[in-house]
Amino acid sequence: MIDLEQKSPIEQSLIRWLYDFATFGILVTDTDLRIVYANSWFTKHLGADASAFLGSPLIDAFPDMRARAFERFYQDALSGQTRVLSQRFHGYLFKMRPATGSGPAQMQQSARISPLLLGSTVVGTISFIEDVSERVRHENELHFQIDERSRLLESEISARELAEENERLRDASEMLRIEGAQLLELGRDRDMLMHRIIAGQEEERKRIARNIHDHLGQQLTALRYSLSLIKPQMTEGTPLCESVRRAQAIAENLDREVDYLSWELRPAEIDDIGLEEALKTLIREWTAHYGIEVKFHS
């Protein structure tokens, strides 16, 4: 223990302040890591009387240090090194009661373990323990506020991006609507054009069929009539008579072919009896013409 009688008044006041009024904990060990001193702040927050651990090996007084591998920090201090322990990375150094009843079960601590020097000789270790519970609480509140503001900012950015995306979608939808209307109009124009083309084709087929039937058919009829006038004037069984008979057969066949061709181009029944009946007539004519049976289902 420290003999205050051998100290000056200022040294005595400083030692008493460190022991009785300091706002941080002090723990001193010798080179064998036996506890030789602890101030009142340390014992108060530890919740134990100093006589319970003074003179005891540090590891015996606080056995969880070995389990948490904290003994190495004191060995470093004996070799002349200072180690700083933070609440964030190391947690508490000593199990102490928090300053207030609320909050974490253990006091939030910042600790500094340094060599205790007499001149240049290491004579032990000295530990300074500070209660940082309030600081940690403020840091947590600050981090919470930062996270909350970040979240709000992200939400605001997301809302803005969503609004911009909705605006783009509305513009794209309007463009699609306009393009759809244009395509619909083009479709109507195409349908009208196709209707005119088909109507023109039908009219042209009708005209060609009529010309074939009227002009070529009339000439074939005239040819058949002329051949019928020639045939009675010839003697039966002669080569010339046979030639006229063959010419008549060819003319009759051509007359039928012309009728069928004009009918194929534009059956008149389409206008008179409709498509279905016209198809039935076409099949009958086609079957009779080519000798191939066809079945029609409507």
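The values are calculated or read from the model by the stated rules, or taken from the named source; none is laboratory data. Please read all numbers here as calculations on a predicted model, not as lab measurements. Cβ sites come from the backbone with ideal geometry, for glycine too, and all protein chains shown count toward neighbours. The accessibility values were calculated without ligands, DNA or RNA, using every heavy atom of the protein model including side chains. Shrake-Rupley method; radii C 1.70, N 1.55, O 1.52, S 1.80 Å.
The 3J(HN,Hα) values that the Karplus relation (6.51, -1.76, 1.60; θ = phi - 60°) gives for region 151-164 are, in residue order, 5, 5, 5, 4, 5, 5, 5, 4, 5, 5, 5, 5, 5, 5 Hz. Gly and Pro appear as x. Using only alpha carbons, the chain has a radius of gyration to Kirkwood radius ratio (Rg to Rh) of 1.89.
Between the exposed loop cleavage positions of the chain, defined as GluC sites (Glu not before Pro) in a non-H, G, I, E, B DSSP state with at most 11 neighbouring beta-carbon atoms within 10 angstrom, the longest gap is 1-235. Accessible surface for Ile59 stands near 20 Å², nearest 10, in the context of the full protein assembly shown (1.4 Å probe).
Among the protein heavy atoms, those of Lys95 account for about 110 Å² of accessible surface (1.4 Å probe, every chain in place). For the chain, the longest principal axis of the alpha carbon atoms and the long axis of helix 239-265 meet at an angle near 30°. For Thr125, the residues whose modelled amide H falls within less than 5 Å of its own, excluding neighbours fewer than 5 places apart on the same chain, are Thr29, Asp30, Leu116.
The residues of region 98-211 expose, per residue, 75 Å² of accessible area to a 1.4 Å probe.
Working note: Debye formula, equal point scatterers on the alpha-carbon atoms of region 66-199, no solvent; log10 I(q)/I(0) at q = 0.18 Å⁻¹ is -1.04. Remark: spin-label model distance Asp76-Leu261 equals 11.3 nm, labels positioned 7 Å along the Cα→Cβ axis. Helical runs assigned H by DSSP (4 residues or longer) give the chain a calculated mean residue ellipticity at 222 nm of -19500 deg cm²/dmol, each run adding -39500 (n - 2.57) before division by the residue total. Using a simple spin-label model with pseudo-atoms 7 Å out from Cα toward Cβ, Ser120 and Arg207 lie 12.6 nm apart.
Computed from the Kirkwood radius of its Cα pairs, the Stokes-Einstein diffusion coefficient for region 57-142 at 20 °C and 1.002 mPa s stands at 153 µm²/s. A viscosity of 1.002 mPa s and a temperature of 20 °C, combined with the Kirkwood radius over C-alpha pairs in the Stokes-Einstein formula, give region 162-226 a diffusion coefficient of 129 µm²/s. Sorting Asp255, Asp189, Asp32 by solvent-accessible area of protein heavy atoms yields Asp32, Asp189, Asp255, largest first, with a 1.4 Å probe. Counting 0.36 nm for each residue step from Asn166 to His297 and taking away their Cα separation leaves a gain of 41.7 nm. Taking the 1.4 Å solvent-accessible surface of the chain as the whole, the part contributed by carbon and sulfur is 57%. A Förster radius of 25 Å combined with the Cβ-Cβ distance from Asp214 to Glu285 puts the calculated FRET efficiency at roughly 0.80. Computed from the C-beta positions of Thr23 and His143 and an R0 of 25 Å, the FRET efficiency is 0.50 to the nearest 0.05.
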